[in-house]
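Chemist: Sharing a structure below in structure tokens format, with a few things to ask.
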Amino acid sequence: MKVKTLFIAVIIISAICSCKKDSDSLYTDDFIIAGQTNDNRTTYYDFNPDINCTLSDPWENTDTVIHLDLNFDGITDFDINGSMLHPSALGGDWETVTIKPLNDNEICIDLNSGWLDTIPQHDTINQNCTWSNSEVLIYSYDWVMGEPAVTSGLWANVTTENKYFICVMILKNDIPFYGWIGMKRDVSSWSFSFMITNFCILKRYTL
């Protein structure tokens, strides 16, 4: 089984005019609002086109990994993993999508199910969320001939962009940077079709 790895490289070219400042002049906020876009304390990025988590050729590759580096430091912060049963298999089907925090980063989960939570637009993302550094379920589909299909995960019905978000926390030099990732399910294709649309993450800033 081959694993197809999709690297997301976001290249931001900026002209920076800087001067020496005391460390006390740098600030980091302890919250972010789900769905908020760019201001002086955040970095916002809109994927164009959206990143498709769907396997492009499941006959050749039944697994895929998407590496996300949200703070552009060259280190992968989160992996989104997708896998499915080979199309040649008869009598059943299964597909699954998960997200895995790397290093000391964390994601917000639903306390009851343990699945990746769906954070509504305008909710506050801070230390009070239910955080986890384990790989958790985004979506799964399981069907065996003669039995009803079983769908798991809170993201199955999220089909509208910028309505619900993945809540994330990146730990850098012992400082938590809160953020969100936009994702939706594309129901125009088969069930295993999720689109990563945009993200926003806190950054250090000066007043």
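Bear in mind these aren't lab numbers, they're just calculated from the coordinates by the rules spelled out. What you see is a predicted model; the values in this text were computed from it and never measured. With ideal geometry, Cβ positions are generated from the backbone for all residues, glycine too; neighbour counts draw on all protein chains shown.
Chemist: Kindly provide the chymotrypsin sites (Phe, Trp or Tyr not before Pro) of segment 114-207 that DSSP labels as loop, not H, G, I, E or B, and whose Cβ sees at most 10 other Cβ atoms within 10 Å.
Modeler: none
Chemist: May I ask you to sort ASP50, ASP77 by Cβ crowding, counting other Cβ atoms within 10 Å and putting the fewest first? Let's see the in-between values first.
Modeler: Details: ASP50 17, ASP77 22.
In increasing order of surrounding Cβ atoms, one gets ASP50, ASP77.
Chemist: How large is the convex hull of the C-alpha atoms of segment 142-207 per residue, in Å³? Write out the running numbers ahead of the final one.
Modeler: Working: hull volume 7.7 nm³, N = 66.
Convex hull of Cα atoms, per residue: 117 Å³.
Chemist: Given points 7 Å out from each Cα along the Cα-Cβ axis, report the THR151 to TYR205 separation in nanometres with one decimal.
Modeler: Placing both labels 7 Å along Cα→Cβ, they lie 3.8 nm apart.
Chemist: While we're looking at this one, here's another question. With no solvent and one point on each alpha carbon, what is the Debye value of log10 I(q)/I(0) for segment 25-206 at q = 0.10, 0.16, 0.19 Å⁻¹?
Modeler: Values, matching the q order: -0.40, -0.96, -1.30.
Chemist: Within 15 Å, Cβ to Cβ, of ILE196, how many net charges do the neighbouring residues add up to if Lys/Arg are +1 and Asp/Glu are -1?
Modeler: -3
Chemist: Report the full-extension gain for the segment PHE31 to ASN71: residue separation times 0.36 nm, less the Cα-Cα distance, to one decimal in nm.
Modeler: Stretched fully, the PHE31-ASN71 segment lengthens by 12.8 nm.
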